[in-house]
Each structure stands twice: as structure tokens, then as C-alpha cells.
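All remarks here apply to the structure that follows.
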Amino acid sequence: MKKRNWYLRLGVVITFAVAAFTLVGMFYTPYDATQMSSADKYAPPSLSHLFGCDQMGRDIFSRTLEGIGTTVTIALATLAIGFLAGLVIGALCGYYGGLIDEIVMRICDAVTAFPSTLLAIVVIAVIGSGKYNVIAALGILFIPSFARLVRSEFIKYRDRDFVNMAKLTGVPPLRIIFVHILPNTWPVLLSGLTIGFNNAVLAEASMSYLGIGVTPPDASLGRMLSEAQGYLFTAPWYTVFPGLVVILLILGVGMIGEGIRERIGEKV
Amino acid sequence: MTNEIILHLGNVNSYYGRGKARKQVLKNISLTLHKGEVLGVVGESGSGKSTLAKCAIGLVTDIEGERKLNVENSQMVFQDSYGSLNPAKTVGWILEEPLRVRGLRDKKELRRRAVEMLQTVGLEEEHYDRKPSQLSGGQRQRVSIAASLIQGSKLIILDEPVSALDVTLQAQILQLLVDLKERLDLSYIFISHDLAVVYQICDRVMVMYHGEVVEQGDVDAVYDNPQHEYTKKLLEASLSLG
């Protein structure tokens, strides 16, 4: 009997819901996310303001819609940089090995020895804050962990007999790496991507929370949580709703990752 | 059998590891394989058989000595058919790959050649779209053989090709190898620890012990009248089991 993979299913449902929410936010918000109104200061959730209003009378629902878009965009862009660079570096190091592999991996060790958020703060302190700088800083800091993951997968496959046969056939090395070996590593890499995505969301949130990420008046989930902490007792809804969205976002993607890992486990 | 030489190794040494851990795996190996010949290589595990195979075909390039390969294409068939077929690809893709890297792009022609090769090794067109994991061990080994032949290889090195199979399948695959050799004009190096199997398929045999060749000659001569102590022990062991 086949065990049902609830993690994967539930994760897909939650992620789809959050993704739909994000997409809507890119084209439509009930109010302008930066429009202030003194009459609606600290307004509690109501039919006209579903999530209530913040200290400047801005609609929290609209800001959450906009903020999740910013957060997801930053996370995906970070992931794209970190993953693509990590893939190329990890694949080449893992397949060829040798002295260069040794040197590159020691550099990766050095980078990962520091907490990535802390390093990102240092980088931001040097190049300045703002959306694109956050993406660049986080993206570069994500490279080592992906490089290592990809490398370990390639080491697993590089001495397999199907690779030996491909060499004897005269398949060019780059084709062996990206066409023969890479497809075998996708399940592990996808699961690594989900973890990376969550880390990127959290890193963006914590950097914006510290005030060095997304600059006001732009909304991002971390930015909103950072502002909300001052009004935790006056307007608890300001914290609750953006916080809930962060949790759902991470939970959904995390469950997909867990589901994929379970699948791999079933196969072996 | 003609006198045309397919492969020649002269006084080959090979090492493994670096620095202090460096160990000599092959000691002064010489061999000559003629066209249409099947040369058996026997010995216990760790005797250097597989390293010899990899040196002969060019997978291990760090060797001392003389190596001359007189065929354009050569390929290996391994013991573990699960590891020698890419698990992420279909049988069809695996068979077409050697043709693709040689520049054949026409999809219909690729498929035709792959299916033709499947039939040559006793499989059907229906296996074309399967993944290796959806085949039985015997079918997988047939696909490995097909994959080794499709590029027009004239020398195949068989590294324990039937050791992972049960006895009935062993007989079928050995028969297939013999048929293919006649039909496609192949030469084999056949590596095995199983002396009975070697006796069935090989013309000549080389006995290896700790990286050295201790005895070689025609199969009948070596089996009937072994000269070296180690060969005698090997033969006794296999007889007492059989």
C-alpha cells in the first residue's frame, strides 16, 4: 500500500494559496499601500480594513499584499543568484576534484563559519541598504551552501559506471556534468532549494526588521514586523497578520521540501 | 582468429594513491589481444583485474609502459548493470547518446538505430521508453551490452558481466555475447573470478595474483595442466564448489 504524502499535498495547497495572495497583491490592493489617513490610526480589523490599520492609518491588508510581493521577490532573486552560482561551482568542484576544489571549499568553509545574516549586515554596511543591495548581499552569501550541496551530489555520481561509459563514448565533460549527472541530483537539489527559499525569506525579514533591508515607505513583511513591534499592545493586529503570512509562506514551502525528502526516502 | 592485433600492453605498471600511501596495483603486465579473440582474466578480488581493464581501455591514464589500441571505438560492460545505466534517463536516450555526441540529430533515425540495437540484444521496441529501474537485472545487462555496441565498438571489455545474475540468466547472456562476437566481428577481454564461466567463453586465459600475471596460455592448456601454484589452488577451489 502506498503511503499518502500529506506533507507534500498540504505544502502545495498552502504555497498555492500564498502564491495567489502574492500575485493578487502585485496587481491589486484595496487601498494604496502608502496612503495615510489620520482618521484610521490604529483602526482595529473591520470590514473596510480587514487586517486593521497601522500607526499612520495605512491599510495593513494592502500593505501585507504588497509586502509579501517584495519579500518573495527578494527571496527568489537571492535564490536565483545563490543557486545558479552554487550549481556551477559545486558541479565543477565535485566532478573534477583536485587542488582547485580543495581551495574553493576552504573559502566556502570560511564564509559559512559566520552567520549569514551577520555577514549580510556587514556587506550592507559597506554597499548601503536598499532592495537590490539586499538581494546582492544575500545572494552571494547563499552561494557556499548550495555549492557544497551540489558538490556532494556530484561526488556521489562521478565514479558511477554510467559516467565511465559516457567518458569512453567520448561525451564532452560539460555534457557529462550537466546532461548526464545533473538530472539525477534534482530531487536533492529541489529539497535544498526549499530550505534556501525559507532561509532567504527569514534573512530578508530579519534584515528589514533591523532596518537595513527594504527602506520605508516600501512595504516588506520584515519591515512591517519591525514597525509593528512598537505598537504590540496598541495595535496587536499589526504584528499578527504580517507574522501569520510569514509563517504560512515558510510552512508551505518547508512542507513541500519535507515531502520531497520523504519521496526520495521512499525510493531508496 | 587472425593475426591482426587489437590491443597491446607492454610492461605496464600502475599505481594507486599518493605519497606514502602509494601502492602498486599492476606489476609489469604485458598482453596482446588479437582480432576475434576472447581473452579471459581471472584472479581473486583485489588482484588488479578491474584496474587492468581500466588501464587497457584508457579510463586510467596514469600508467607506465606501452599501450596501443588499434580500434576506433571500445567500450566496457560492468558487473552492476544498475550503476552502468543512467537512472535518470530512458533506455532509448541511453542508447542514442553515443550517436548524438557523434553528430546524429535526426530523431527518427536515432530511434530506428536504438530499436534495431535493442532487437540485436534480444529486447523489444517496448523497452525503448522504460527507465533502467523498470527492467529486470538480465534486461538491464542486455541494455548495457547494447549501449556498449551502438557506437560500433570492436573491442568490448567485460568486467564480471554475468556475476550478478543467476545461473539461467548467466547462460543466456553468455550465449548472447558469443553470438554477438560472431555476428559483429568483436574481440573481448573477459574479466571474471568464475573459472567455469571463463572456460566456456574464452580462447586464452591470464591468471592474475597480487597485480602480477602468474600464468597465461590457451584455456585448455592452463586448465588441464596448470603450472603455477596459485592457478592450481584456484582450479581446485572451483572444482570442489562445482
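Suppose the filter is in contact with an Asp or Glu (Cβ under 9 Å, 6 or more places away or on another chain), open to solvent by 10 Å² or more (accessible area, probe 1.4 Å) and either away from chain A (no Cβ under 14 Å) or part of a strand (DSSP E or B) (or both); does B:Q170 pass it? When the stated conditions are applied, B:Q170 passes them.
Residues checked against (1) more than 27 Å from A:T239 (Cβ to Cβ); (2) open to solvent by less than 70 Å² (accessible area, probe 1.4 Å); (3) not hydroxyl-bearing (S, T, Y):
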residue	(1), (2), (3)
A:G67	no, yes, yes
A:T73	no, yes, no
A:G82	yes, yes, yes
A:A91	yes, yes, yes
A:Y95	yes, yes, no
A:D101	yes, yes, yes
A:T117	no, yes, no
A:A120	no, yes, yes
A:A125	yes, no, yes
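Residue check: A:T169 meets all listed conditions (1) open to solvent by less than 10 Å² (accessible area, probe 1.4 Å); (2) among the β-branched types (V, I, T); (3) under 30 Å from B:I145 (Cα atoms) but one, namely (1). I'd like to verify a number: residues in region A:110-144 that are of a type outside the set (F, W, Y) and without any contact (Cβ under 8 Å) to a residue 24 or more places away in the chain, how many? Number satisfying all stated conditions: 12. Restricting the first member to region A:9-26 and to residues that are open to solvent by 60 Å² or more (accessible area, probe 1.4 Å), and the second to residues that are in a helix (DSSP H, G or I), the beta-carbon pairs closer than 6 Å and six or more apart or on different chains are A:L10/A:M255; A:M26/A:G69. How about region B:148-158: which of its residues are within 9 Å of another protein chain (Cβ to nearest Cβ) and within 13 Å of the chain's Cα centre (by Cα)? Passing the criteria: B:S148, B:S153.
Filter region B:1-24 for residues that are among the β-branched types (V, I, T) and in contact with a Gly (Cβ under 8 Å, 6 or more places away or on another chain) and give the result.
Keep residues of region B:1-24 that are among the β-branched types (V, I, T), which gives B:2, B:5-6, B:12.
The answer is B:T2, B:V12.
Yes/no matrix, rows are residues, columns are (1) within 12 Å of another protein chain (Cβ to nearest Cβ); (2) of a type in the set (A, V, I, L, M); (3) open to solvent by 60 Å² or more (accessible area, probe 1.4 Å):
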site	(1), (2), (3)
A:V111	no, yes, no
A:F114	no, no, yes
A:G128	no, no, no
A:G139	no, no, no
A:R151	no, no, no
A:L193	no, yes, no
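Residues in region B:123-146 that are assigned to a helix (DSSP H, G or I), within 14 Å of chain A (Cβ to nearest Cβ) and either at positive phi or open to solvent by 10 Å² or more (accessible area, probe 1.4 Å) (or both): B:S133, B:Q134, B:R140.
If you check B:V41, B:V25, B:V77 for being closer than 24 Å to B:Q139 by Cβ and in contact with a Ser or Thr (Cβ under 9 Å, 6 or more places away or on another chain), only one passes: B:V77. Of all the residues in region B:69-101, those that are among the β-branched types (V, I, T), open to solvent by less than 10 Å² (accessible area, probe 1.4 Å) and either farther than 13 Å from B:S153 by Cβ or within 7 Å of another protein chain (Cβ to nearest Cβ) (or both) number 1. Listed conditions (1) away from chain B (no Cβ under 12 Å); (2) open to solvent by 50 Å² or more (accessible area, probe 1.4 Å) are all met by A:S208, apart from (2). B:I57 meets the conditions (1) within 22 Å of the chain's Cα centre (by Cα); (2) among the hydrophobic types (A, V, I, L, M, F, W, C); (3) more than 12 Å from chain A (Cβ to nearest Cβ) in every case but one. The failed one is (3). Evaluating B:G46 against the criteria (1) away from chain A (no Cβ under 14 Å); (2) among the small types (G, A, S); (3) surrounded by 16 or more Cβ atoms within 10 Å (Cβ to Cβ) leaves one unmet condition, (3).
Within region B:152-172, residues that are of a type in the set (S, T, N, Q) reach partners that are part of a loop (DSSP other than H, G, I, E, B) with beta carbons closer than 7 Å, at six or more positions or on different chains, in the pairs B:S153/B:N73; B:S163/B:Q79; B:S163/B:D194; B:Q170/B:V162. Taken over region A:209-229, the criterion of being in contact with a Phe, Trp or Tyr (Cβ under 7 Å, 6 or more places away or on another chain) and closer than 11 Å to A:T71 by Cα is satisfied by A:G222 alone. Number of residues in region A:159-180 that are of a type in the set (G, A, S) and either more than 7 Å from every other protein chain (Cβ to nearest Cβ) or not in a loop (DSSP other than H, G, I, E, B) (or both): the value is 1.
Is it the case that some residue within region B:49-57 is over 30 Å from B:A221 (Cβ atoms), free of Cβ contacts under 8 Å to residues at least 24 places away in the same chain and of a type outside the set (D, E)?
Here is the first cut: in region B:49-57, the ones over 30 Å from B:A221 (Cβ atoms) are none.
Within region B:49-57 (the criterion being over 30 Å from B:A221 (Cβ atoms), free of Cβ contacts under 8 Å to residues at least 24 places away in the same chain and of a type outside the set (D, E)), the answer is no, since none of the residues qualifies.
Of the residues making up region B:8-33, those that are more than 21 Å from B:V197 (Cβ to Cβ) and in contact (Cβ under 8 Å) with a residue 12 or more places away in the chain number 17.
Would you check which residues across region B:59-68 are surrounded by 14 or more Cβ atoms within 10 Å (Cβ to Cβ) and either under 20 Å from B:R102 (Cα atoms) or not hydrophobic (A, V, I, L, M, F, W, C) (or both) and list them?
Step one: filter region B:59-68 for residues surrounded by 14 or more Cβ atoms within 10 Å (Cβ to Cβ), giving B:59-60, B:63, B:65, B:67.
Across region B:59-68, the qualifying residues are B:L59, B:G65, B:R67.
Restricting attention to region B:175-198, the residues that are open to solvent by 40 Å² or more (accessible area, probe 1.4 Å) and within 26 Å of B:V12 (Cα to Cα) total 2.
From the list A:F83, A:F114, which one is of a type outside the set (V, I, T), over 25 Å from A:G243 (Cα atoms) and in a loop (DSSP other than H, G, I, E, B)? Quick ask: steps written out before the conclusion?
On the way: A:F83 fails: in a loop (DSSP other than H, G, I, E, B).
Residue meeting the stated conditions: A:F114.
From the list A:G252, A:G213, the one residue that fits, being open to solvent by less than 40 Å² (accessible area, probe 1.4 Å) and assigned to a loop (DSSP other than H, G, I, E, B), is A:G213.
The values are calculated or read from the model by the stated rules, or taken from the named source; none is laboratory data. Bear in mind that the values here come from a model prediction, so they are computed numbers and not experimental data. Every residue, glycine among them, receives a Cβ derived from its backbone with ideal geometry; neighbour counts consider all protein chains shown. The accessibility values were calculated without ligands, DNA or RNA, using every heavy atom of the protein model including side chains. Shrake-Rupley method; radii C 1.70, N 1.55, O 1.52, S 1.80 Å.
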